[in-house]
1. Residue 351 fails exactly one of the following numbered conditions: (1) aromatic (Phe, Trp, Tyr); (2) under 20 Å from residue 23 (Cα atoms); (3) open to solvent by 30 Å² or more (accessible area, probe 1.4 Å). What is the number of that condition?
2. Within the range 50-107, count every residue that is open to solvent by 40 Å² or more (accessible area, probe 1.4 Å), touching a Gly at 6+ places or on another chain (Cβ under 9 Å) and under 16 Å from residue 436 (Cβ atoms).
3. With respect to residue 332, is the statement that it is touching an Asp or Glu at 6+ places or on another chain (Cβ under 7 Å), surrounded by 20 or more Cβ atoms within 10 Å (Cβ to Cβ), within 19 Å of residue 141 (Cα to Cα) and of a type in the set (A, V, I, L, M, F, W, C) true?
4. Mind counting the residues in the range 348-375 that are in contact with a strand residue (DSSP E or B) (Cβ under 6 Å, 6 or more places away or on another chain) and not aliphatic (A, V, I, L, M)?
5. Is it the case that the range 418-428 has a residue that's among the small types (Gly, Ala, Ser) and touching a residue at least 60 places away in the same chain (Cβ under 8 Å)?
6. Just to be sure, is residue 419 within 23 Å of residue 17 (Cα to Cα), of a type outside the set (Gly, Ala, Ser) and crowded, with 23+ Cβ neighbours inside 10 Å?
7. Which one of 379, 387, 366 is open to solvent by less than 60 Å² (accessible area, probe 1.4 Å) and under 15 Å from residue 353 (Cβ atoms)?
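The values are calculated or read from the model by the stated rules, or taken from the named source; none is laboratory data. All of these numbers come straight from a predicted model, not from anything done at the bench. Glycine gets a Cβ as well: all are built from the backbone with ideal geometry, and neighbour counts include every protein chain shown. These area figures cover heavy atoms from the full protein model, side chains too; ligands, DNA and RNA do not enter into them. Shrake-Rupley method; radii C 1.70, N 1.55, O 1.52, S 1.80 Å.
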Amino acid sequence: MSKSRSSTTPRLRVGICGAGVGGLVLAVALSRYPDIEVTIYEATSKLTELGAGVGIFPRPWEIIKKLDLEEDLLKVTEIKRQEGPVRTFVYRKSDCSEGLEFYTLITQGNLVMFHRADFQQVLLRRIASSCKMHCGKRLRTYTQRPSEPIKLLFEDGSTATCDVLVGADGLKSAVRQTLMTEKAHFAQSEGRRAEATDCLASIDPWWSGTNSYRVLIPADRLRAQFPNHRVLTQPMQYLGENAHIVAYPISRGKLINFVAFVSRHEKENTKFNGPWVTQTGPEELAAWFNNWEPEVQALINCVDQTLRWAIHTVKPLSTFVDSRVALIGDAAHAMLPTQGSGAGQAIEDAFILATVLGNTKTDRSVASVQRALKVYDLVRRPRAREVQERSRMNENYFSLKYRDVDFSSLRGDKLYASLVELMETVKQNWAWAWTTSPRDSYEEATRLMES
């Protein structure tokens, strides 16, 4: 197809709801196909990224390299890419007056960390100039009928059309709501009541039982109070019963990304009462950690206010697609952040989806799009489901829920040995992020498209 023809009659028109990591990486990946027209619809009035840090492990970094984003991204972080064995996190048991350092997590290749807004800006600069972006467009619903384009209806009353709709619209995804509602109605009409019930139960997110307290701490402020604090130069995790803290330097060492997690495991999969994200003063955070070691107290003393997030997850979905509509990222599989892989999974979703949509066999016909999205679902859903469960397991381990071991009653060598055993289990559960490659996934997707 000639350039002039592709600019007037695109092979495919893709509408992306959401300009987070998944939506923007998808737009970058689709920019490699000049005959695909991409339009992004972002709900907020201007592009802002909630949250502070985002980490990319070696597995999704392979996709970053394939998309030629590596050089630009490494310019906005102080962290250099490393191959081979790397000290990634140092672990301490800290819910005591004197902390115990017991483990250093060694990974193959390092975790590269970014300020989320910096990461977003790099992606925005790399999207094709032909990609259209509309802010203040919060999707209400969509309709798809055979032989017609998908019609999008936004909360402001405006409408748009596309050949493929991608829900990259996060935890409270409007695309997921419509997709699962339609699937439930269809199952109900055919008498499959259990399937219909399951689809409806997949619409709303559920509280994980865990809240996180997030804040960026100026490094100079921490240095003034605790000059040789480990976090100034080394990513740390501080573990305790029903709580843990992750802290590491970002923005070329000027800031410390601090996240404290407090877990009430008995509340998993319940409704959370109150706002999911709210600002709190330092007293609430300090109350959870008032008996923790001085190194933790120094961090908390640097906090004036935090954002408290009630961490919600999405129930494992029976499908990520429906006809010409697909879900990616948190809309498809919102998970606990305890494998540092939410962004990585969104990147993998986006790349595999771009691979099948970019395939020359995919055009705007319904059958062609359905086939491509079926391949995406077959390749991505099992893997994402596995990572979702592994993240849940890590959350238990980091809050010292491990094989009925009572860590508070152990002392000396027994305590140390049990903590090391815990972290060896964590490492086995987590190693996929730095020992496996996404190559198998995109090669499988290509093979299925060609078969």
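1. Evaluating residue 351 over (1) aromatic (Phe, Trp, Tyr); (2) under 20 Å from residue 23 (Cα atoms); (3) open to solvent by 30 Å² or more (accessible area, probe 1.4 Å) leaves (3) as the failure.
2. Total meeting the criteria: 1.
3. Details: touching an Asp or Glu at 6+ places or on another chain (Cβ under 7 Å): yes; surrounded by 20 or more Cβ atoms within 10 Å (Cβ to Cβ): yes; within 19 Å of residue 141 (Cα to Cα): yes; of a type in the set (A, V, I, L, M, F, W, C): yes.
Answer is yes for this residue.
4. Final tally of qualifying residues: 1.
5. No, the range 418-428 contains no residue that is among the small types (Gly, Ala, Ser) and touching a residue at least 60 places away in the same chain (Cβ under 8 Å).
6. No.
7. Working: 387 fails: under 15 Å from residue 353 (Cβ atoms); 366 fails: under 15 Å from residue 353 (Cβ atoms).
Just a single option satisfies the conditions, and that option is 379.
Here's the yes/no breakdown for (1) at pLDDT 95 or above; (2) open to solvent by less than 60 Å² (accessible area, probe 1.4 Å); (3) farther than 20 Å from residue 63 by Cα:
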position: 383; (1), (2), (3): yes, yes, no
position: 395; (1), (2), (3): yes, yes, yes
position: 433; (1), (2), (3): yes, yes, no
position: 440; (1), (2), (3): yes, no, no
position: 450; (1), (2), (3): no, no, yes
